[in-house]
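Novice: Dropping a structure here in structure tokens format, bear with me for questions.
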Amino acid sequence: MFRIEGRARGSVTLAVILLALGAAPARAQSGTGGTPGEWFLQYGSARTQGLGGAFVATADDALGAIWNPAGLSLLDQDQLRFDTSQLYGETTVNSFSFAVPGSRWPSVGATMVSLTSGDFERTSVLNDPLGTFREGETAYLFTLAKNFSTRAAVGVNAKLVQQTIESFSGGGFGMDVGGIVRLTPDLRAGFTLMNLGGPRVTLRDVAEAWPTEMRGGLALSLLGGKALASLEVDHSDGLGTRLRGGTEYQMLSGLTVRLGYDDTRPAGGFSYRFARGYDIDYGVTDHPLGLTQRVGLSYRFGGFYASSRAEPSVFSPTGEHAVTRISLNARTKGTPENWSLEILDKSDHVVRRFGGPGRPSAHVEWDGKDESGLPLADGNYRYRLEVRDGEGRIVTSSTHALEITTAGPQGEVPVVPVP
């Protein structure tokens, strides 16, 4: 619990909170209240914290609208996301977001980020205790994002901010605009202008305006999409220029690890997909006051997708189940142009490929033979469906396992001696 002598002022309260949020040491030690809205400009979700906050050119989840509203155009599925963080002095930051990708209509999203401090002691001029109070701020974002081609998208946030300190409260409105451009198939550039026209929050007599912040960066997809490298530069009058960078790598199916650099501090984290559509994220950043940690949970459903399912998943071309039936389904943003179902061996070589124009067939049947019609060896195989629409966007199903086994049942035949 913190003690503030005399009547509590918002600037003193904010100084403590900004220190807890990880503001640069020089600013935290200056004894000022810092920049209005600094807590929000410094905010990072569990996923972005692992990337050092370098997310303006990626922004491909529901919370990505905070960094770049154009990022919602990259979503393929509806998404719910929740993040929470316990900081110093009992300060907590929680966020919730929901996004729906669009096709002919824009992608839309709604986000709430809320900061709540721990208890502050309130005293009179004679140092008599007068109870406690808390400081709280909440930002609401309503997002629209639209693709103009497969290479460019723009987005806008309408932002409402509310702040309460002791018995004082105020609110204000502002806007963010952003864009994402695909420079090459693997390289994207992103930019955002935050806090255009506000918000301006008046708690007593003076309106405090959140400063305009400019963000720009690059994101490079590597190793066939298994890895990502990102770089970002942020600048505002209150916080100066900050450099962020990070990488992530999918080590195993469902497990992604991250390393990052957030201005002056190392960062890291991971994501794990523990069920279909569910991901849990963890991020951590070093700080002179200790480690700051965040946890996030997301759920993806509906939207645009590709799915495939084999029945049975274990079959014998010479037995009762001579073929496996693979059911296919897909929903794309644009008109489906072509589809491909690949079956791979344990060395990632494609041993059989099905495909054609337009929407995928309802199902295909595989008899365990390769492209030349020769039977394949017993063992484990994998399959995945990929569908491309008329604008070049691709949706890919999860990779599933198949097994071919032609061996008969094992056992022993008893030998009975003749008397």
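Novice: Per DSSP helix of 4 or more residues, -39500 (n - 2.57); summed, then divided by the residues of the chain. What does that give at 222 nm, rounded to the nearest 500?
Specialist: -1500 deg cm²/dmol
Novice: Next up: If amide H atoms are built 1.01 Å from N in the plane of the peptide, which residues on other chains or at least 5 residues away come under 5 Å of the amide H of residue 135?
Specialist: Amide H neighbours of residue 135, under 5 Å, 5+ apart: 117.
Novice: Let me ask something else. Within a Cβ distance under 14 Å of residue 373, other residues only, what is the Lys/Arg minus Asp/Glu net charge?
Specialist: On the way: positive: 352, 353, 369; negative: 367, 370, 371.
Cβ neighbours under 14 Å give a net charge of 0.
Novice: Mind giving me the nanometre distance, one decimal, between the label points for residue 297 and residue 320, set 7 Å out from Cα along Cα→Cβ?
Specialist: Using points 7 Å along Cα→Cβ, the separation is 4.2 nm.
Novice: From the backbone phi of segment 324-335, what are the Karplus-calculated ³J(HN,Hα) couplings (6.51 cos²θ - 1.76 cosθ + 1.60, θ = phi - 60°) in whole Hz, Gly and Pro given as x?
Specialist: Using θ = phi - 60°, the values come out as 10, 9, 9, 7, 10, 7, 7, 9, 10, 5, x, 5 Hz.
Novice: If you don't mind, there's one more thing I want to ask. Residue by residue through segment 218-229, which ³J(HN,Hα) values in whole Hz follow from phi under the Karplus form 6.51 cos²θ - 1.76 cosθ + 1.60 (θ = phi - 60°), with glycine and proline marked x?
Specialist: Karplus-based 3J(HN,Hα) across segment 218-229 equals 10, 9, 10, 7, 10, 6, x, x, 7, 9, 9, 10 Hz.
Novice: Net charge near residue 406: determine it from the other residues with C-beta under 14 Å of the C-beta of residue 406, scoring Lys and Arg +1 and Asp and Glu -1.
Specialist: On the way: positive: 369; negative: 320, 367, 378, 403.
Taking every other residue near residue 406 into account, the sum is -3.
Novice: Long-range amide H contacts for residue 77: which residues qualify at under 5 Å (H placed 1.01 Å from N, peptide plane, sequence gap of 5 or more or a different chain)?
Specialist: Those qualifying (amide H under 5 Å, at least 5 residues apart or on another chain) are 304.
Novice: Going by how many other Cβ atoms sit within 10 Å of their own, how do 128, 367 line up, fewest first?
Specialist: 128, 367
Novice: While we're on this one: State, as an integer percentage, the relative contact order of the chain based on alpha-carbon contacts under 8 Å between residues 6 or more apart. If you can, show how the numbers build up before the last one.
Specialist: Numbers: 1154 pairs, mean separation 56.4, N = 419.
For the chain, the relative contact order is 13 percent.
Novice: Would you work out the charge dipole size for the chain about its Cα centre, treating the Cβ of every Lys and Arg as +1 and the Cβ of every Asp and Glu as -1, and quote it to the nearest 20 debye? Present the calculation step by step, with values, prior to reporting the outcome.
Specialist: On the way: 39 positive and 44 negative charges, 150 e Å.
Taking the Cα centre of the chain as origin, the dipole is about 720 debye.
Novice: Run through the DSSP bridge list for the chain and note the antiparallel percent, rounded to the nearest 5.
Specialist: Details: 171 of 176 bridges.
Within the chain, antiparallel bridges account for around 95 percent of the total.
Novice: Hey, what do the phi angles of segment 355-363 turn into as Karplus ³J(HN,Hα) couplings, whole Hz, using 6.51/-1.76/1.60 and θ = phi - 60°, x for Gly and Pro?
Specialist: x, x, x, x, 6, x, 4, 5, 6
Novice: For residue 253 and residue 371 in the same chain, what is the full-extension length gain: residue separation times 0.36 nm, less their Cα-Cα distance, in nm?
Specialist: Details: separation 118, 0.36 × 118 = 42.48 nm, distance 2.70 nm.
Working it through step by step, the gained length comes to 39.8 nm.
Bear in mind that the values in this text are calculations on the coordinates, not laboratory data. Small disclaimer: the values here were computed from a predicted structure and weren't measured. Methodologically, a virtual Cβ is constructed for each residue, glycine included, from the backbone with ideal geometry; neighbour enumeration extends over all protein chains shown.
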